[in-house]
């Protein structure tokens, strides 16, 4: 990664000089808190809403747990790791009315700044510290002696140390072991959302379901259809992860490779307009507005979509297969 910085390049002092409060103790919050503490950042508060089921876990892990308003009043630096769609309400109702003067803000995605959920005052460092992977992987990779690739950005630099704080924070997550690059809030938000919607989640699931349904229409048994369109995704993903796409092709059968090259162009041409539509939807802010509106309606749209996905016939086939394989 061109221009990346690594552990030896980064000073942890800017983070050691500040009390950190982490809002949220889910996959991201817990991984960040544990990694940072293991790396020597000891002045950490965990901030949770009243009645949060995560309180017991955070206290069992040895952290002081406080309310959101108390964290805003005490901490020098807030790391807001609750769900993106909740950031606006948390910021307006709990942080902004109580925040300590000069308090900095760390985010792990560009969403809230790029789409205007948060408008920070001028005395606030606004920092992006993004470890590129799921929250649980931040902890898993750290415990194995590695780390995820990290990217940082500065939206506001009130203290003059915003970039140094971002680097120290990411180093504490273990990202200095893999490399830390520069980005912007806009770039990270677009790349993250497009990647999830069009490729890693939405696109992959759509292709898997369409493939399953095509095989069923062709008279293939549900078990065979599931194995060849869903179950084996794991093995291809692992090959791409360790070798890249060209390396994956080199590792599979010539028959599979020859056929895949033959249909790549057709699939690419078919999905290109969809990808362009997603880019327009995300960059315009329309997706963010729809998602926040759905969140404010208790995620009614999300719950309906989740129910439809769960009722797809391949789910029953998958459950039977995973049970037979001892995976459930």
*For the range 271-328 and the range 38-103, write down the distance between their C-alpha centroids in whole Å.*
29 Å
_Need one number: the % of Cα-Cα pairs in the range 1-62 sitting beyond the 20 Å mark._
36 percent
*Please give the helix 233-251 orientation as an angle from the longest Cα principal axis of the chain, in degrees from 0 to 90, rounded to the nearest 10.*
80 degrees
*Out of 183, 229, 255, any idea which swings most in a Gaussian network model of the chain, alpha carbons joined below 10 Å?*
255
*In whole percent, what relative contact order does the chain give with Cα contacts below 8 Å and a gap of six or more residues?*
16 percent
*Mean residue ellipticity at 222 nm from the helices of the chain, using -39,500 (n - 2.57) per DSSP H segment of n ≥ 4 over the full residue count, to the nearest 500 deg cm²/dmol?*
-16000 deg cm²/dmol
*Out of 263, 274, 199, any idea which swings most in a Gaussian network model of the chain, alpha carbons joined below 10 Å?*
263
*When you take every Cα atom in the range 257-328, what is the radius of gyration, and what is Dmax, the widest Cα pair distance, in Å?*
18.3, 48
*Rounded to the nearest whole Å³, what is the per residue volume of the convex hull around the Cα atoms of the range 192-324?*
144 Å³
*Taking every pair of alpha-carbon atoms in the range 227-287, what share in percent sits in each 10 Å bin, from 0 to the bin with the longest distance?*
19, 34, 31, 14, 1
_Just to verify a number: FRET efficiency for residue 258 and residue 320, C-beta to C-beta distance, R0 = 41 Å, to 0.05?_
0.80
*Compare 98, 311, 27 in a GNM of the chain, Cα atoms joined below 10 Å, and give the one with the largest fluctuation.*
311
*asked:* Within a 10 angstrom radius of the beta carbon, how do 84, 192, 157 rank from fewest other beta carbons to most?
replied: 157, 192, 84
*Measuring from centroid to centroid over Cα atoms, what is the spacing of the range 179-198 and the range 117-174 in Å?*
13 Å
*Rg to Rh for the range 7-183: what is it, with Cα atoms only and Rh by Kirkwood?*
0.92
*Any idea what angle helix 162-173 forms with the longest principal axis of the chain, computed on alpha-carbon atoms, 0 to 90 degrees, nearest 10?*
60 degrees
_Descending principal axes extents, the chain, alpha-carbon based, whole Å_ = 66, 45, 42
*Determine, for 126, 279, the number of other Cβ atoms within 10 Å of each Cβ, and report the residues in order from fewest to most.*
279, 126
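Would you mind ranking 32, 241 by Cβ crowding within 10 Å, fewest neighbours first?
So the residues, fewest neighbours to most, are 241, 32.
Every read-out reported here was derived from the displayed coordinates using simple, explicitly stated rules and does not represent laboratory data. If you're wondering where the values come from, they're calculated on a predicted model, not measured in any experiment. So basically every Cβ, Gly included, is an ideal-geometry build from the backbone, and we count neighbours across all protein chains shown.
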